[in-house]
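In what follows, a single structure is set out as C-alpha cells and then discussed.
The values are calculated or read from the model by the stated rules, or taken from the named source; none is laboratory data. In this text, all values refer to a predicted model and were calculated from it rather than measured experimentally. All Cβ positions, glycine included, derive from the backbone under ideal geometry; neighbour counts span all protein chains shown. Only protein heavy atoms, including side chains, enter the accessible area calculation; ligands, DNA and RNA are left aside. Shrake-Rupley method; radii C 1.70, N 1.55, O 1.52, S 1.80 Å.
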Amino acid sequence: LHFGSLRPGETRDMFFRHGNGGAKKADIRFDIPEEWKPYLRMRQPGKMHSDERDTLHVKFTLPQGIDTVQFTVQPTVNGKATDEKLTIKAVRNREN
C-alpha cells in the first residue's frame, strides 16, 4: 500500500479488498508492528465466512522527522501467518 508523498503529520487513506477464499470460516487479522500503531489505522476484519469479501479502510499519518517509511504488516488466518505480507510505503514531501 503506497501512500505516496506526504507532509509530516499529514494523513492519507485508501481502501483495499480482501476475502476468505477458503471452504471454512477464517479469523483474519493484520499484525501491525507496535511502533507503527500510532500512525497506521485499520479495522481488524475478524471472522469471515467462506467466500466472504470485504473492503478495509486504511489510514496512515507520516510521523515527524522521517523521510521514507517502509514496513510490513503480517496478515494471519486462524492465528497462522500467511505467506504474503502487506508492505506500507510513504515518503516525505520535500516541497515548501
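Before moving on, here are some points about what is shown:
- Test: residue in the range 46-61 that is closer than 23 Å to Arg94 by Cα, in contact with a strand residue (DSSP E or B) (Cβ under 6 Å, 6 or more places away or on another chain) and not charged (D, E, K, R): yes
- Per-region count, the range 24-54, residues modelled with pLDDT of 90 or more and over 12 Å from the mean Cα position of the chain (by Cα): 16
- All strands (runs of 3 or more DSSP E) inside the range 1-55 with 1 or more residues being in contact (Cβ under 8 Å) with a residue 24 or more places away in the chain, in contact with a Leu (Cβ under 7 Å, 6 or more places away or on another chain) and surrounded by fewer than 14 Cβ atoms within 10 Å (Cβ to Cβ): 11-19
- Scanning the range 56-83 for residues that are open to solvent by 50 Å² or more (accessible area, probe 1.4 Å), more than 12 Å from Arg7 (Cα to Cα) and part of a strand (DSSP E or B) yields a total of 7.
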